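The values are calculated or read from the model by the stated rules, or taken from the named source; none is laboratory data. These numbers were taken from a predicted model, which means no experiment stands behind them. Using ideal geometry, Cβ is built from the backbone for each residue, glycine included, and neighbour counts are taken over all protein chains shown. Remember, those area values only see protein heavy atoms, side chains included, never the ligands or the DNA or RNA. Shrake-Rupley method; radii C 1.70, N 1.55, O 1.52, S 1.80 Å.
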Amino acid sequence: MNKQELITAISEQANLTKKDTEKFLSAFEGVVTDALVNGKKVQLVGFISIDVVERAEREGRNPQSGQPMKIAASKAPRFKVGKTLKDAVNK
């Protein structure tokens with residue numbers, strides 16, 4: 001499902017206009033992004049938790065040449081699925 005399909009599905013289920021749904025989804029994306037950038041965790045109990053993890057610098061290999069190379073330290077979002085969603089998918 002892409003973004004436009006998601007907007008259509010939400011607008012139909014919530015009985016909202018597509019324009020209002022698109023505003024909501026954009027605001028949601030912005031709020032989640034800002035929270036993660038500021039080191040906060042976003043948690044929708046039973047559905048999903050998102051936080052940021054720090055990855056240390058490490059050594060890897062160039063897949064084409066096989067030569068060792070350093071992979072810089074970075075931060076990455078981490079997603080954890082909640083029990084309610086996990087149970088719904090496994091029914």
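Using only Cα atoms, tell me the angle between helix 18-37 and the longest principal axis of the chain; keep it within 0 to 90° and round to the nearest 10.
Around 30 degrees separate the two axes.
Once you charge only the Cβ atoms, +1 for Lys and Arg and -1 for Asp and Glu, what is the size of the charge dipole of the chain about its Cα centre, to the nearest 20 debye?
Numbers: 16 positive and 11 negative charges, 62 e Å.
Using Cβ point charges on Lys, Arg, Asp and Glu, the chain gives about 300 debye.
Under the rule of -39500 (n - 2.57) per DSSP H run of 4 or more residues, summed and divided by the residues of the chain, what mean residue ellipticity at 222 nm is obtained, to the nearest 500 deg cm²/dmol? The partial results should precede the final answer.
Details: 3 runs with 39 residues, N = 91.
Calculated at 222 nm, the ellipticity per residue is -13500 deg cm²/dmol.
Which whole-number value in Å² is the accessible area per residue of the chain, probe 1.4 Å? Mind dumping the intermediate values first?
Working: 7550 Å² over 91 residues.
About 83 Å² of surface per residue is accessible.
Under 8 Å for C-alpha pairs, at least 6 residues apart: give me the relative contact order for the chain, rounded to a whole percent.
Values: 98 pairs, mean separation 19.1, N = 91.
The value is 21 percent.
When the chain is fully extended, how far beyond the present Cα-Cα distance does Lys23 get from Gln4, taking 0.36 nm per residue of separation?
Numbers: separation 19, 0.36 × 19 = 6.84 nm, distance 1.23 nm.
Additional length available on full extension: 5.6 nm.
If you stretched the chain out fully between Asn38 and Asp87, how much longer would it get, using 0.36 nm times the residue separation minus the C-alpha to C-alpha distance?
Working: separation 49, 0.36 × 49 = 17.64 nm, distance 3.11 nm.
Length gained, Asn38 through Asp87: 14.5 nm.
Keeping the other protein chains in place, figure out the carbon and sulfur percent of the accessible area of the chain, with a 1.4 Å probe. Mind showing how you got there, number by number?
Details: 4100 of 7550 Å².
Heavy-atom surface of the chain belonging to carbon and sulfur, 1.4 Å probe: 54 percent.
Exactly which GluC sites (Glu not before Pro) in the chain are in a DSSP loop and have at most 10 other Cβ atoms within 10 Å?
Of the GluC sites (Glu not before Pro), the ones in loops of the chain whose Cβ has at most 10 other Cβ atoms within 10 Å are Glu57.
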